[in-house]
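To start, the structure itself, in structure tokens.
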Amino acid sequence: MTENKNEEQTLENETIEESAAEAVFAEEEIPAEENHGQVEKDELQLAQEKIAELEAKIEEMDNRYLRLQADFDNSRRRAKLDMEAAQKYRVQSIASDLVEALDNFERATKIEADNEQTKSLLSGMEMVYKAIIDALTKEGIEPISSVGEEFDPRLHQAVMQVQDENFGSNIVVEEFQKGYILKDRVIRPAMVKVNE
């Protein structure tokens, strides 16, 4: 019996020692686990900060790319519009020069012919004048209608004002010099006299 008691006592002592050893071991492990957990939290926080920084860079690059794309599209659109305008108004500079020549033709055709040779010359000038007008009309250049029309400051240049009961207010009474328009652009406004 004494042996049993001794065995029980020895077993009990071993159990207590094991429990004490486990407790000591557990105490030593707890700080190690906390330290390990803290290291993982620091690494996670650093990784999240790095991810946030990279996402901000990506967003900035995306915005820059979108702005560059928009700038490229705008410049391409502007270039296309410039080419269309250049094509549409390609005859404007020559038309501006020809308008002066047309004025001289008109003045010349209003001369009174007193002999056959002058009449023949005037007839030839009228044919050249009509040919130039036809060529300009094909390119979209037309004279601005004035007399009897309402005064439009975009199309007419008023050089005189009169009071005429035969015309309404702000109506063009007389045209001194023809104006010309190319499609929707005025080459030269018409010089006119306007009723008050």
| note | Net charge near Arg185 (other residues with Cβ under 14 Å of its Cβ; Lys, Arg +1; Asp, Glu -1) is +1
| task | Give Lys80/Lys138; Lys80/Lys193; Lys88/Lys178; Lys119/Lys183; Lys110/Lys193; Lys88/Lys110 a once-over and call out the pairs whose C-alpha atoms are over 32 Å from each other. | result | Lys80/Lys193; Lys119/Lys183; Lys88/Lys110
| remark: Diffing region 107-119: the Karplus 3J(HN,Hα) column from phi (6.51, -1.76, 1.60, θ = phi - 60°), in whole Hz with x for Gly and Pro, holds 5, 5, 6, 8, 6, 6, 8, 10, 9, 5, 5, 5, 4
| Rounded to the nearest whole Å², what accessible area per residue is found for region 49-196 with the 1.4 Å probe? | 72
| request: For Phe151, enumerate residues with amide H under 5 Å from its amide H, sequence gap 5+ or separate chain, H modeled in the peptide plane. | output: Ile171, Val172
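How large is the convex hull of the C-alpha atoms of region 34-146 per residue, in Å³?
On the way: hull volume 13.1 nm³, N = 113.
Convex hull volume per residue, Cα atoms: 116 Å³.
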| note | Packing-ranked peptide list from 134-141, 116-123, highest mean Cβ count within 10 angstrom first, is 134-141, 116-123
| message | Less than 12 Å Cβ to Cβ from Ile111, Lys/Arg counted +1 and Asp/Glu -1: what total charge do the surrounding residues give? | response | -1
| For Arg188, which sequence-distant residues (separation of 5 or more, or a different chain) have an amide H within less than 5 Å of its own amide H, given hydrogens modelled in the peptide plane? | Tyr180
| query | Can you give the accessible area of Arg64 in Å² (nearest 10), computed on protein heavy atoms with a 1.4 Å probe? | reply | 110
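The values are calculated or read from the model by the stated rules, or taken from the named source; none is laboratory data. Computed from a predicted model, the values in this text were never measured in an experiment. Cβ: placed from backbone, ideal geometry, glycine included. Neighbour counts: every protein chain shown. In case anyone asks, the SASA skips ligands and DNA or RNA and just uses the protein heavy atoms, side chains included. Shrake-Rupley method; radii C 1.70, N 1.55, O 1.52, S 1.80 Å.
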